[in-house]
Structures are given as C-alpha cells and as structure tokens.
1. Out of all the residues in region 264-299, which are of a type in the set (Lys, Arg) and surrounded by 13 or more Cβ atoms within 10 Å (Cβ to Cβ)?
2. Within region 67-106, how many residues turn out to be touching a helix residue (DSSP H, G or I) at 6+ places or on another chain (Cβ under 9 Å), farther than 20 Å from residue 5 by Cβ and β-branched (Val, Ile, Thr)?
3. Within region 159-177, how many residues are crowded, with 21+ Cβ neighbours inside 10 Å and either of a type in the set (D, E, K, R) or more than 19 Å from residue 88 (Cβ to Cβ) (or both)?
4. So which of 229, 218, 250 ends up being farther than 30 Å from residue 35 by Cβ and either among the small types (Gly, Ala, Ser) or touching a Ser or Thr at 6+ places or on another chain (Cβ under 6 Å) (or both)?
5. Considering (1) touching a Phe, Trp or Tyr at 6+ places or on another chain (Cβ under 6 Å); (2) over 18 Å from residue 76 (Cα atoms), say which one residue 166 fails and leave the rest.
6. For residues that are assigned to a helix (DSSP H, G or I) and of a type in the set (Gly, Ala, Ser), scanning just region 247-263, find the one that is surrounded by the fewest Cβ atoms within 10 Å (Cβ to Cβ).
7. Could you grab me the full set of residues in region 90-107 that are closer than 21 Å to residue 125 by Cα and crowded, with 16+ Cβ neighbours inside 10 Å?
8. Can residue 27 be described as in contact (Cβ under 8 Å) with a residue 24 or more places away in the chain and of a type in the set (Lys, Arg)?
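The values are calculated or read from the model by the stated rules, or taken from the named source; none is laboratory data. Remember, predicted model here, so these are calculated numbers, not experimental data. Here Cβ is always computed from backbone atoms with ideal geometry, including for glycine, and neighbour counts include all displayed protein chains.
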Amino acid sequence: MILGEPQIVGQMKTAYQVACEAQTVGKLLGKLFQHTFTSAKKVRTDTAIGSSPVSVAFAAVQLAQQIFDKLSEQTALLIGAGETIELTARHLSQQGIGHIIIANRTIDKAHQLAQQFGGYAISLAEIPAHLAQADIVIASTGSQLPILGKGSVESALKKRKHKPVFMVDLAVPRDIEREVEQLDDVYLYTVDDLRHTVEQNMNSRRQAAMQAEEIIDAQVEYFLAWLRAQSAQSLIKDYRTQAEFWRDEALQKALVALNNGTPAQDVLTRLAHTLTNKLIHTPSAQLRVAAESERHDVLAAALEIFQLTPSR
C-alpha cells in the first residue's frame, strides 16, 4: 500500500528461497523470479523511489537521525503500543538505537512489544520516573487527554541538566501538551509537521515510479524474449546433436587415416570437406525445394538465420 516500500520484495525473496529448498521452482518460474529481483534492484538503485520516508513513523526516525549524530548512544521512550509505535520501534531498532523504553496503559502489551526490540516496558504512570533518561520521545496513543504535560517535562529537563530532548507527537488529539514546545532544550514536532514532509516525499516517489515503470517494461521484454526463445531450444538441441554426430564420425575417419599413414594435410583437407558437405547438404537441398515451390518465406528466413546478404 506504500509506494516504494521494499517489504513485499523481501517477502517474495523469502517465498522463493523456501520454494527452492522444497524443489518446487521450475525453470520458467525460476527465471521469472530472477528477472523480478533484478528489476527491483535496478529500480531501487537507478531511481529515488525509496530514498524519502512516506510514513510518519519513518519520517520521525529520520528526523531523529538528523538531530543526533549517533542513535546508538541515545535512549528512546515510545509512548503507546499500537501499530505506529511498533513501526517506529522497528525503524529505530534498524537504525541502531541504544535503548528503547515502551510505555503503555496496558503493561502486558508494552512488554510484548519491548521484547521484540530488546527494550523494557513501563506503565504510563511510571513515565515521570523514566522521562529524564529519554533523549527521544515519540508518542502515539488513543488518549483523549495529553499524556505528557509541561510540568513533567520541565522536571525531566532539570534532571538532565538541560540536555536537549527530541519529541514527536504522532497522536490526534495530542499526547504532548502544546505548551511543551515553549521550553528551551525541547524540539517538539507534531504529526502535522511530518505529514507535510511525507506528502512532499510521496510526490517525489510518484515521479520515481514513472521511471521505475520504464525499467520494468524493459525487463518484461527481456523476459518475454527469453520465453519466446524457449520454443526453439529443442530444435537447437537436436541440430547441435546432429552436428556433433557428424563431427565425431568425420573425426574418427580422420584418425584412422592418420594411423594408416595418410599425410596430415590430406587428412585435414578431407575432414574439412566432409564436415562442410554434411552441414550444408540438407539445408541446400531444402532451399532448392523452397525456390521451386516459391516459398519466399523460407528463403527469407534462411537469409536471416545464416546472416547472408542476397546476391544481385
């Protein structure tokens, strides 16, 4: 549902790997998947379709990366345990966040989420006791009243000796009181701030998608060309087998002649003559029949197959 999201490609790669291990991928499907993965990689490297965040959770994490040099040295307090907070926790974890604290009204749900990302859980009532540890605070609950007030943030800042805090309120209505943004050393962003960024990035991805479609069209044509060529594979195999039989037959006779003392030059000349006759006899005979029958399509095909220029 999110344009440029690589998660689906990841799921396809996993499915393909499982199918390969189960030996249920044939030649056709295997080739199709390889073209698919090649296309996906080319789209991501040759276009900007995945370079800009298009979810508020990802936008919040990217903004945190811009503010802090190393997320590995920071502690994030995530308030809530819904889908948005889970996505935020995943993005933070992928970017190497130092510590994660999950605060939620239902402590069990917070604990389940915290376990996934190596963090620990607290109740909403415990937030004031842990707020001073947090360098990053991201909130998204369904509460009708603010979870964080100006007073509790002021107290935390004093404990932190006014070390700056980055806060993002992704909730509607707000989880963090509006007055908090008046405090020094607090950088507070709301969901509306991030939505503007997300919309700009979506427009960027839509433009990149147009480039992606051109790449995909080209890769589709490559695959279809390969698919069409498969119909000739058995014919090519049979023709090669026949040619190799003639080669082995002529070579065997040449070796016998050499063993019998025939000069090498005479043997090589005879070998070349025999092979040439074997290879061109049947096509030559069929071309004569085609000409007698006015099969101009066969004659034209021969010119293309043998890469010949028509004689004047």
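1. Pass one, region 264-299, residues of a type in the set (Lys, Arg): 270, 278, 288, 295.
Passing the criteria: 270, 278, 295.
2. Count: 6.
3. The qualifying residues number 2.
4. Values: 229 fails: farther than 30 Å from residue 35 by Cβ; 218 fails: farther than 30 Å from residue 35 by Cβ.
Only one candidate qualifies: 250.
5. Tallying (1) touching a Phe, Trp or Tyr at 6+ places or on another chain (Cβ under 6 Å); (2) over 18 Å from residue 76 (Cα atoms), residue 166 fails exactly one: (2).
6. Looking only at region 247-263, we keep the residues that are assigned to a helix (DSSP H, G or I), and these are 247-259.
Adding the requirement that they be of a type in the set (Gly, Ala, Ser) leaves 250, 254, 257.
On the way: 250: 19, 254: 20, 257: 17.
My answer is 257.
7. Taking region 90-107 as the starting set, the residues that turn out to be closer than 21 Å to residue 125 by Cα are 99-107.
99, 100, 101, 102, 103, 104, 105, 107 - these are the residues of region 90-107 that are closer than 21 Å to residue 125 by Cα and crowded, with 16+ Cβ neighbours inside 10 Å.
8. Values: in contact (Cβ under 8 Å) with a residue 24 or more places away in the chain: no; of a type in the set (Lys, Arg): yes.
Taking the combined requirement at face value, the residue does not satisfy it.
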